[in-house]
Amino acid sequence: MGKVHDNIIAADDQGFARLSAALQRGELVAFPTETVYGLGADATKASACASIYEAKGRPSFNPLIVHFPSAREAAKRVVFDGRAEKLATAFWPGPLTLVLPRRVDCDIALLCSAGLSTLAVRVPAHPLAQRLLQDCGLPLAAPSANASGKISPTCAEHVARSLGDRVPYILEGDDACQAGLESTVLDLSGDEATLLRPGTITREEIEAVIGPIAVGKSLMESAGEAMPSPGMLHSHYAPALPLRLNAADVAAGEGLIAFGPTPLPGAAKTINLSEDGDLREAAANLFAALHELDATPGLTGLAAMPIPNEGLGLAINDRLRRAAAPR
Ligand code: TXA
Ligand code: MG
C-alpha cells in the first residue's frame, strides 16, 4: 500500500461539486482522461493557466490543449473547416487533438495558445472527464499532469507522486482509463494537414477519413522522449517591432513592458505585467501585452524591464528572448 494522499478526491456527487467550485475559483484540478491524467484549469482565466505552468515547472510556455464536453462547445472558440468536421465526427469524443485557428471572439486565454493564432482543442471520451467538463461548465486547459520532463501519469497516485502539493485536487480515476499514450495532435491550421504528435489515433485512421497527411519534419527525424515538443516546431509568435531586453531606460517612441511598482519613465506607452511584481500575474498578462503594444500605431520599438529569473520568470524570460531574437 502506498501513502494515502489527502488531495485525492473520490468521484462521487460531493467530489464533483467540490472540484467544480475549485475550478470556478481558478484552482488546479488533475483529472483522468482516456489517454493520461490532465492538469486542468479554467481556460478562460489567464492566471489559472499560469498556475499550470507554475505547477509543472515548465521552463517555457508550451501551448496547452483545451478540453471541451462537445464539438459544439469547441466550435465556439476555433474555426472548423470540412476536414475538422469530418475528423470530429469520426473520432470525438476521443484521443484526437486538432490545432485550429482561434476565432476572433475566442474567450480562451492567449496563454493557452502561447501567443499563437491557433488553439489545440479536444473532446475527451473518459466519463469522469466528461462529467467534470459538464459540471463545471468551463473549457479546461490541461497538459499531462506530470512535472516537466517526467512521464505522463495514468493514475491519481502517479500525479500525487509527481506533482505532490503543487496540485490541490486530484480526481480519483478508475480502471476505464488511460491508454498511457497521449492524444494524437494534428495541425489543421494550414492547407496541409500535419501530424505534430503521433498518439492513440493512428495516421492511417486519420488518412482513411481526410486523405494523405504530412508528418512534422522533426518528428520523423527524432523519436521518443528526445522528441522536441510539437509546439516548438512552430515559429512562435514574435512581435513585428524590435524588442530590447533588460531595459534600464526607455528611448523616445518606445513601448514599455514594465514589471513591478516603479515602471521606467518616458515610454510612449506602458503596459505593466504586474505592479506587485507577481510572476504569475505577469505570465498571465504577457501575450496580451505583447500583442497590444505591437498593434499600437506610432511605436518605434519595444523595451522590456528585467524580470527575475526564478519560478515562472524563467518561462517569461524564455519567451521574451525568443521575441527579441533577430529575424
Ligand atoms: O492526451 C493528451 O493530449 C493529454 C490529455 C491530458 O488530454 N494532454 C497532453 O498535453 O498531452 P501536453 O501539454 O502534455 O501536450 C500537448 C502538446 C504539446 O506538445 C504542445 O506543444 C502541443 O500539444 N500543442 C498544444 N497547442 C498547440 C498549438 N496551438 N500548436 C501546436 N502545438 C500545440
Ligand atoms: Mg506532456
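Nothing in this text is a laboratory measurement; each read-out follows from the coordinates by a stated rule. Here the structure is a predicted model, which means the values were calculated and not measured. FYI the Cβ positions are ideal-geometry reconstructions off the backbone, even for glycines, and counts take in every protein chain you see.
Please state which of the following conditions Thr89 fails to meet, knowing it meets all the rest: (1) more than 19 Å from the chain's Cα centre (by Cα); (2) in contact (Cβ under 8 Å) with a residue 24 or more places away in the chain; (3) over 30 Å from Ala238 (Cα atoms).
(2)
Considering only residues of segment 120-136 that are within 20 Å of Arg25 (Cβ to Cβ) and in contact with a helix residue (DSSP H, G or I) (Cβ under 8 Å, 6 or more places away or on another chain), which is farthest from ligand 2 (Cβ to nearest atom)?
Asp135
Scan segment 171-182 and give yes if some residue there is over 14 Å from the mean Cα position of the chain (by Cα), closer than 25 Å to Asp6 by Cα, more than 11 Å from ligand 1 (Cβ to nearest atom) and outside any loop (DSSP other than H, G, I, E, B), otherwise no.
yes
Within segment 240-273, track down each residue that is assigned to a loop (DSSP other than H, G, I, E, B), surrounded by fewer than 19 Cβ atoms within 10 Å (Cβ to Cβ) and in contact with a helix residue (DSSP H, G or I) (Cβ under 8 Å, 6 or more places away or on another chain). Spell out how you get there, then give the answer.
We begin by selecting, within segment 240-273, every residue assigned to a loop (DSSP other than H, G, I, E, B); these are 240-242, 245-253, 259-268, 273.
Cutting the leftovers down to surrounded by fewer than 19 Cβ atoms within 10 Å (Cβ to Cβ) gives us 240-242, 245-246, 248-249, 251-253, 260-266, 268.
Hits for segment 240-273 are Ala240, Leu241, Pro242, Leu245.
Would you pick out the residues in segment 148-207 that are within 16 Å of ligand 2 (Cβ to nearest atom) and on the phi > 0 side of the Ramachandran plot?
Gly149, Gln178, Gly180
When residues of segment 126-161 are filtered for being within 13 Å of ligand 1 (Cβ to nearest atom) and either surrounded by fewer than 16 Cβ atoms within 10 Å (Cβ to Cβ) or more than 13 Å from Gly38 (Cβ to Cβ) (or both), how many remain?
Number of matching residues: 5.
Name the pairs: first residue in segment 35-52 and near ligand 1 (Cβ under 8 Å from one of its atoms), second residue in a helix (DSSP H, G or I), Cβ to Cβ under 6 Å, at least 6 apart or on different chains?
Pairs found: Tyr37/Val159; Leu39/Ile52.
State yes or no: is Gly190 within 13 Å of ligand 1 (Cβ to nearest atom) and surrounded by fewer than 21 Cβ atoms within 10 Å (Cβ to Cβ)? Can you show your working first?
Numbers: within 13 Å of ligand 1 (Cβ to nearest atom): yes; surrounded by fewer than 21 Cβ atoms within 10 Å (Cβ to Cβ): yes.
In short, yes.
Using the structure shown, decide if Ser117 is under 15 Å from the mean Cα position of the chain (by Cα) and within 16 Å of ligand 2 (Cβ to nearest atom).
Numbers: under 15 Å from the mean Cα position of the chain (by Cα): yes; within 16 Å of ligand 2 (Cβ to nearest atom): no.
No: the conditions fail for Ser117.
How many residues are touching a helix residue (DSSP H, G or I) at 6+ places or on another chain (Cβ under 6 Å) and surrounded by 21 or more Cβ atoms within 10 Å (Cβ to Cβ) when one looks only at segment 70-86?
Initial filter on segment 70-86 (touching a helix residue (DSSP H, G or I) at 6+ places or on another chain (Cβ under 6 Å)): 71, 83, 86.
Applying the additional criterion that residues be surrounded by 21 or more Cβ atoms within 10 Å (Cβ to Cβ) yields none.
So the count comes out to 0.
Taking the conditions exactly as written (within 18 Å of the chain's Cα centre (by Cα), closer than 27 Å to Ala193 by Cα and in contact (Cβ under 8 Å) with a residue 40 or more places away in the chain), does Pro153 satisfy them or not? Before you say what the answer is, go through the steps one by one.
Numbers: within 18 Å of the chain's Cα centre (by Cα): yes; closer than 27 Å to Ala193 by Cα: no; in contact (Cβ under 8 Å) with a residue 40 or more places away in the chain: yes.
Judged against the criteria, Pro153 is not a match.
Can you tell me how many residues within segment 287-303 are surrounded by 21 or more Cβ atoms within 10 Å (Cβ to Cβ) and either more than 16 Å from Ala258 (Cα to Cα) or touching a helix residue (DSSP H, G or I) at 6+ places or on another chain (Cβ under 7 Å) (or both)?
So the count comes out to 3.
Could you please find all residues in segment 1-44 being buried (at least 21 other Cβ atoms within 10 Å of the Cβ) and more than 16 Å from ligand 2 (Cβ to nearest atom)?
Ile9, Leu19, Leu23, Val29, Asp42, Ala43
For Glu54, are the conditions met, namely being surrounded by fewer than 23 Cβ atoms within 10 Å (Cβ to Cβ) and under 30 Å from Leu290 (Cα atoms)?
Working: surrounded by fewer than 23 Cβ atoms within 10 Å (Cβ to Cβ): yes; under 30 Å from Leu290 (Cα atoms): yes.
Considered against the rule, which asks whether it is surrounded by fewer than 23 Cβ atoms within 10 Å (Cβ to Cβ) and under 30 Å from Leu290 (Cα atoms), Glu54 comes out as yes.
Just need a number here: residues in segment 104-114 that are away from ligand 2 (no atom under 16 Å from the Cβ) and in contact (Cβ under 8 Å) with a residue 24 or more places away in the chain. Quick ask: steps written out before the conclusion?
Within segment 104-114, the subset away from ligand 2 (no atom under 16 Å from the Cβ) is 104-111, 113.
If we keep only those that are in contact (Cβ under 8 Å) with a residue 24 or more places away in the chain too, we end up with 106-111, 113.
Total meeting the criteria: 7.
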